[in-house]
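Shown next, in structure tokens, is the structure this report addresses.
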Amino acid sequence: MNRPYNFSAGPAAIPAEVLQQAAAEMLDWHGSGMGVMEMSHRGKEFIAIYEQAEADLRELLAVPPEFKILFMQGGGLAENAIVPLNLSRAGTVDVVVTGSWSQKSQKEAKRYASEVRVVASGEESGFTTVPDPAAWQLSRGASYVHLCSNETIHGVEFQQLPDLKALGSDAPLVIDFSSHVASRPVDWSRVGLAFGGAQKNLGPAGLTLVVVREDLLGHALPICPSAFDYKIVADNQSMYNTPPTWSIYIAGLTFQWLKSQTEGGATGIEAMERRNMAKAARLYDYIDQSQLYFNKVAPTARSRMNIPFLLRDESRNDAFLAGAKEHGLLQLKGHKSVGGMRASLYNAMPIEGVEALVAYMQDFEQKHA
Ligand SMILES: *Cc1c(COP(=O)(O)O)cnc(C)c1O
């Protein structure tokens, strides 16, 4: 079945093979007589699905043994509260603001931490840059430092995580990697906690992934809801309460799909990284030489996953989007705070989808020159 190419920022495209397998198993998972949505989360069938998903994710992302993998709910926005509830110890929290999502995290943390400091901000540039870590004004004794490693709305990505120790801070680094998890390897030696909603690059909405270093568990504020206390969640293998079973299952199928991917001799996440670099380069190179389209983000800070672009003549936006849809190129409308278009090139987007988008953009530019 030939489906249109879906550029949604999230919930986003899921590999067709994953959807086909889920469809085939919908009524009867592996001869159990039950669909996955109908199983007890404590039964042996679902436990097997869960354990496989966790093991595959640990292997794919090379998560070291001293980190716990938690499957939670509430999305990235709930984590903006859950992280300070667990990690702030009512002390100072440092935040690097590089776009809408880290801005939201900063505001929410203020409700739980006694002090939240913006230690660097890209706001003056209109969120087109990542402030140089050497110039960050890190606090002494901060409970943690938060950043969003890929800003989904502004299209700004950290190409490298900061080494906080080298910058003179002992605080653990917290990253919101919602929109680029599994698109590239993670340097866990620089991370204390990473969180992300699944609906961008891992599967359906409803599942929130948290990867947390063990020594950060067990310090939740007394007001932290038990179901959101990382230690309680970890001690109960993410089954303190009913986990989002269907979303975990689909994410698990996606992990298997990721493990099977190859690109130029690489497999898994390395394969995805190569493919994602090639996809992003194809689109940015075209935009940069075009007379009609432009992208405002500094080249070193450009996201491989979310590529906002504007038309020099904004009055043609609607015509662009309508034509794109006719060509089988879906959900390209930009976020309202940035305007224009946004192409999200998550793992499920093949290079052919990017080629089709560039061909359409070329055609549209010629017609409207
Ligand atoms: C989508 C997104 C969120 C919000 O996730 P919800 O599941 O809607 O709460 C948070 N951070 C980033 C970087 C995102 O892309």
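The values are calculated or read from the model by the stated rules, or taken from the named source; none is laboratory data. What you see is a predicted model, and the numbers here were worked out from it, not measured in a lab. Please note: Cβ atoms are built from the backbone with ideal geometry, for glycine as well, and neighbour counts cover all protein chains shown.
Just a few scattered comments:
- Residues of segment 121-144 satisfying the condition of being under 15 Å from Glu157 (Cα atoms) and of a type outside the set (Phe, Trp, Tyr): Ser121, Gly122, Glu123, Ser125, Gly126, Thr128, Thr129, Val130, Pro131, Asp132, Pro133
- Count - residues of segment 205-227 that are within 14 Å of the ligand (Cβ to nearest atom), closer than 27 Å to Gln159 by Cα and buried (at least 20 other Cβ atoms within 10 Å of the Cβ): 4
- Subset of segment 131-147 [in a loop (DSSP other than H, G, I, E, B), out of contact with any Leu (no Cβ under 8 Å at 6 or more places or on another chain) and not polar (S, T, N, Q)]: Pro131, Asp132, Arg140, Gly141, Ala142
- Checking each residue in segment 27-48 for being exposed (fewer than 15 other Cβ atoms within 10 Å of the Cβ) and assigned to a loop (DSSP other than H, G, I, E, B) picks out Leu27, Asp28, His30, Gly31, Gly33, Ser40, Arg42, Gly43.
- Subset of segment 98-115 that is surrounded by 24 or more Cβ atoms within 10 Å (Cβ to Cβ) and away from the ligand (no atom under 13 Å from the Cβ) - its residue that is modelled with the highest pLDDT: Ala109
- Cross-chain or 6+ apart pairs with Cβ under 6 Å, segment 203-230 first and farther than 28 Å from Asp170 by Cβ, then outside any loop (DSSP other than H, G, I, E, B) and away from the ligand (no atom under 16 Å from the Cβ): Gly203/Thr254; Ser226/Ile232
- Annotation: Ala90 fulfils all but one of (1) under 18 Å from the mean Cα position of the chain (by Cα); (2) surrounded by fewer than 24 Cβ atoms within 10 Å (Cβ to Cβ); (3) in a loop (DSSP other than H, G, I, E, B); the unmet one is (1).
- Check on Asn317, at negative phi and buried (at least 21 other Cβ atoms within 10 Å of the Cβ): no
- For segment 126-153, the candidate set comprises residues that are in contact with a helix residue (DSSP H, G or I) (Cβ under 9 Å, 6 or more places away or on another chain) and more than 16 Å from the ligand (Cβ to nearest atom); within that set, the residue that is nearest to Leu221 (Cα to Cα) is Ser143.
- Ile175 near the ligand (Cβ under 10 Å from one of its atoms) and closer than 20 Å to Glu115 by Cα: yes
- Filtering segment 313-369 to residues that are polar (S, T, N, Q) and either in contact (Cβ under 8 Å) with a residue 40 or more places away in the chain or in contact with a helix residue (DSSP H, G or I) (Cβ under 7 Å, 6 or more places away or on another chain) (or both) leaves Gln331, Ser337, Ser344, Asn347, Gln362.
Yes or no, residue by residue, for (1) within 27 Å of Pro11 (Cβ to Cβ); (2) part of a strand (DSSP E or B); (3) within 13 Å of the ligand (Cβ to nearest atom):
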residue: Tyr50; (1), (2), (3): yes, no, no
residue: Glu54; (1), (2), (3): yes, no, no
residue: Leu70; (1), (2), (3): yes, yes, no
residue: Arg117; (1), (2), (3): no, yes, no
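- All of Tyr249, Tyr240, Tyr286 fail the test of being touching a helix residue (DSSP H, G or I) at 6+ places or on another chain (Cβ under 7 Å) and not assigned by TED's automatic domain parsing to the domain that holds Gly35, apart from Tyr286.
- Considered as a group, the residues in segment 78-97 that are hydrophobic (A, V, I, L, M, F, W, C) and either touching a Lys or Arg at 6+ places or on another chain (Cβ under 8 Å) or free of Cβ contacts under 8 Å to residues at least 12 places away in the same chain (or both) include one that is nearest to the ligand (Cβ to nearest atom), and that residue is Ala81.
- Filtered residues of segment 264-305 (kept if buried (at least 21 other Cβ atoms within 10 Å of the Cβ) and closer than 20 Å to Ala62 by Cβ): Gly268, Ile269, Met272, Arg275, Asn276, Arg304, Met305
- Check on Tyr230, surrounded by 20 or more Cβ atoms within 10 Å (Cβ to Cβ), in the same structural domain as Asp56 (by TED's automatic domain parsing) and closer than 21 Å to Ala90 by Cβ: yes
- Verdict on Ala182 being away from the ligand (no atom under 16 Å from the Cβ) and either in a loop (DSSP other than H, G, I, E, B) or surrounded by fewer than 17 Cβ atoms within 10 Å (Cβ to Cβ) (or both): no
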